[in-house]
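Report on one structure; see the data block that follows.
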Amino acid sequence: MLSDVFVNLTRGANRENRSNCNRKQKIIVFLSLVLVVIYFVATPSATLFFDYVAADEIASTIIAAPVKLLKTRRQILCPLISRFTEDLPVVIDLSPSEELLDQLTDGLSGVLLGGSWRPKQCVSQHRVAIVVPYRNRKPQLNVFLYHMHRFLRRQLLDYRIVVVEQGDKHEFNRAALFNVGFKEALKLYDFHCFIFHDVDLLPERQENIYACSKSPRHMTVAVNTMRYNLPYNEIFGGATAMTIEQFESVNGYSNYFYGWEIGRAHV
């Protein structure tokens, strides 16, 4: 009799344990589904935390650099937004040949040694420095330079790509390189706008305007390796556009942050 009671209680306990396990499994499955829904549905709601500007409204927020025209040269202003930004396909070449790279500075493209270019037919309303932190990523830098020079010229920008290389073997300091690039670029030219840009990001759409807005602008809100969604609400990396005044008002980037961010490819 005692043995039967023991056996019956054990069986009852086993059934209770199985029931508890089933409940736990259901809870885990339910929470997993909730997290999946949050990731795919709630991520775009990050726009509620910032001054979000729709893609078709960005042009209205773009600001021009002060420009003085010389009447003696019959100069004319380039349009604030180049017509070449409209519906032009952007072809991304991830393995440009050495011959193609050499063509960037052969005199025909107009790109000068040092990575600068400006339109000849008009005076650009944008003086832009693209600051790129760099170390030991030559293949990516080659792809970046080849792609960006073709991309930026279409927007009729007066621009220079400033590559800032960290020469030591200490941990990579992306923020400090941005700060150095900002200071050194101002010694080279009267820039009005700065684009702080990672070397592993390439713009996919020509209407992604490489100029500054009335407020600091996060330009990489949709990246292919992140399924074109923001990975988290507070992100402000990858490529950002700021005027001199905006950058100085926040005292630049913090030099205390080291390392790279999440890997990226196309914007």
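Values as computed for the structure displayed
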item	result
Residues (part of a helix (DSSP H, G or I) and either open to solvent by less than 50 Å² (accessible area, probe 1.4 Å) or touching a residue at least 60 places away in the same chain (Cβ under 8 Å) (or both)) located in the stretch 225-251	Met226, Ile244, Gln246, Phe247
Tally, over the stretch 202-218, of residues that are surrounded by 20 or more Cβ atoms within 10 Å (Cβ to Cβ) and either part of a loop (DSSP other than H, G, I, E, B) or under 12 Å from the mean Cα position of the chain (by Cα) (or both)	7
Qualifying residues in the stretch 133-171 (those that are over 23 Å from Gln121 (Cβ atoms) and among the acidic types (Asp, Glu)) - the one least open to solvent (accessible area, probe 1.4 Å)	Asp168
Failed condition for Ala175, given (1) closer than 24 Å to Met226 by Cβ; (2) in contact with an Asp or Glu (Cβ under 9 Å, 6 or more places away or on another chain)	(2)
Single residue of Ala176, Ala222 found to be surrounded by fewer than 19 Cβ atoms within 10 Å (Cβ to Cβ) and within 16 Å of Gly238 (Cα to Cα)	Ala222
Unmet requirement for Gln155, which otherwise passes all of (1) closer than 20 Å to Phe84 by Cα; (2) of a type outside the set (Val, Ile, Thr); (3) in a helix (DSSP H, G or I)	(3)
Residue within the stretch 180-201 that is at pLDDT 95 or above, of a type outside the set (A, V, I, L, M, F, W, C), surrounded by 20 or more Cβ atoms within 10 Å (Cβ to Cβ) and assigned to a helix (DSSP H, G or I) present	yes
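Every residue, every condition in (1) at pLDDT 60 or above; (2) of a type in the set (Val, Ile, Thr); (3) assigned to a helix (DSSP H, G or I), yes or no:
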| position | (1), (2), (3) |
| --- | --- |
| Phe30 | yes, no, yes |
| Thr43 | no, yes, yes |
| Thr72 | no, yes, yes |
| Leu80 | yes, no, no |
| Pro89 | no, no, no |
| Leu101 | yes, no, yes |
| Gly107 | no, no, no |
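The values are calculated or read from the model by the stated rules, or taken from the named source; none is laboratory data. Keep in mind the model is a prediction, meaning the values are calculated, not measured. Neighbour counts are summed over all protein chains in view; Cβ atoms, including those assigned to glycine, are modelled from backbone coordinates with ideal geometry. The area values use the complete protein model at the heavy-atom level, side chains included, leaving out ligands, DNA and RNA. Shrake-Rupley method; radii C 1.70, N 1.55, O 1.52, S 1.80 Å.
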